[in-house]
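What follows is one structure encoded as structure tokens, with my remarks underneath.
The values are calculated or read from the model by the stated rules, or taken from the named source; none is laboratory data. Since the structure is predicted, the reported quantities are computational estimates derived from the model, not experimental observations. A quick note on method: Cβ atoms are made from the backbone with ideal geometry, for glycine too, and the neighbour counts reach across all protein chains shown.
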Ligand SMILES: N[C@@H](CCC(=O)N[C@@H](CS)C(=O)NCC(=O)O)C(=O)O
């Protein structure tokens, strides 16, 4: 297996965190998004959607989405379970992953990509040119600020992890989203104590530092 990724990007980080928790070390190939390598001929042959992460299997099959890759890894190596064991755990984690993607990651990406000059003509990832819409940046900032307190409230009501006692993919995906948002100045604009201590707990894990 080979993981195509880029160090600073949040989606590949989700997979790296997930693999590290499983004790899996995946050989990686860096695709330099800053230099536009995702659009190169060689990478288009691997992932025509021009995005990372992509996991290439021994037989050449490519899985091109962070959650889908994690599902594959979970099936290959069930321990420790990060996508739930019981039907209810699996459903709850799936629900969180969808919320994190749609209400957290999506708004952060919209805010960044519809505003930063670096993403002019590339407001959505992929091979097609897509113009920026400044109103979407504004809406993204607003939606991201509505999302962080929902994470904080869930952690304050339960914890130590989003689903309670056991760390899951939901924590890893939310953490990668939060840390990326903070790096591009879209993190929480208010104090959220449960979220802050959860972030510290994650940062202290050897798998996160690796
Ligand atoms: N839903 C996809 C999203 C993949 C995605 O958007 N990846 C970004 C990096 S985080 C990318 O490849 N961007 C390429 C670009 O901006 O041109 C996943 O989770 O894998």
Take the residues in segment 76-97 that are away from the ligand (no atom under 16 Å from the Cβ) and closer than 16 Å to residue 23 by Cβ, then tell me which one is surrounded by the most Cβ atoms within 10 Å (Cβ to Cβ).
81
For segment 12-36, what are the residues that are touching a helix residue (DSSP H, G or I) at 6+ places or on another chain (Cβ under 6 Å) and within 10 Å of the ligand (Cβ to nearest atom)?
13, 14, 15, 31
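For residues in segment 61-70 being more than 9 Å from the ligand (Cβ to nearest atom) and surrounded by 18 or more Cβ atoms within 10 Å (Cβ to Cβ), which is farthest from residue 18 (Cα to Cα)?
63
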Which condition number does residue 104 fail, the rest of (1) buried (at least 18 other Cβ atoms within 10 Å of the Cβ); (2) part of a loop (DSSP other than H, G, I, E, B) being met?
(2)
Scanning segment 164-201 for residues that are touching a strand residue (DSSP E or B) at 6+ places or on another chain (Cβ under 9 Å), surrounded by 20 or more Cβ atoms within 10 Å (Cβ to Cβ) and in a helix (DSSP H, G or I) gives 170, 171, 198
Spot the failing condition for residue 159; the list is (1) modelled with pLDDT of 95 or more; (2) part of a loop (DSSP other than H, G, I, E, B), and only one is missed.
(1)
Looking at segment 115-173, which of its residues are at positive phi, free of Cβ contacts under 8 Å to residues at least 60 places away in the same chain and within 13 Å of the ligand (Cβ to nearest atom)?
121
